[in-house]
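Read-outs: derived from the displayed coordinates by stated rules, not from any lab. Bear in mind that the values here come from a model prediction, so they are computed numbers and not experimental data. In this analysis, Cβ positions are derived from the backbone assuming ideal geometry, glycine residues included, and neighbour counts consider all displayed protein chains.
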Amino acid sequence: MRVSPPTSVLFVCTGNICRSPLAEALLKDYVEKQGLGDRFRISSAGTFALNGNPATREGQMAARRWGLDLSAHRAREVSRPIMAASDFVLGMTRRHCFELAAQFPGFENRIYLALLFPRRFSREDAEGIDVPDPIGQSERYYTQVLEMISPALPRILKGLLNEEER
């Protein structure tokens, strides 16, 4: 029986204190509830993160109401080694995806837009597929971000499982 290493999924936003930690926590919880937690290594980073910053208070509160814990989260800036260690990089906005592709040439085939995964995105894709930045907003706005990401989880997991089989 072949044992393969866990598939590595990286969520990326700007500061790694709002959207990407929420997406990370949601997907971790979702795959655990599906009994697949050992098949994935899920993390997050930011394109302009200050290493060590905690998730925002409002994000932690919204996450807690969803049964998620962001208290141990610490921001980290995306780097070439982080990109190299990631099988799939899911940007929270089209801008994040374009920035990652420009900053890390050679990794373009790993970069996807989170709300479209596993489909590739293009510059022509419509508005409404970016996860808006809740920084400075209320806990309710963070909850809306969770509500926006959550319906994509089954499709994300299905896409990851299909890609594993290839």
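Here are a few things to note about the model shown:
- Ranked list, fewest to most other Cβ atoms within 10 Å of each Cβ, for D38, D133, D29: D38, D133, D29
- Label-point separation in nm, R80 to S4, each point 7 Å along Cα→Cβ: 2.7
- Where N is the number of residues in the range 7-165, Cα Rg divided by 2.2 N^0.38 Å: 0.95
- Take the Cα of R119, step 7 Å toward its Cβ, do the same at F48, and the gap between the two points is 2.9 nm.
- What the Cβ-Cβ distance of Q34 and A102 gives, at R0 = 30 Å and to the nearest 0.05, is a FRET efficiency of 0.30.
- Cα centroid separation - the range 38-52 against the range 55-69, whole Å: 17
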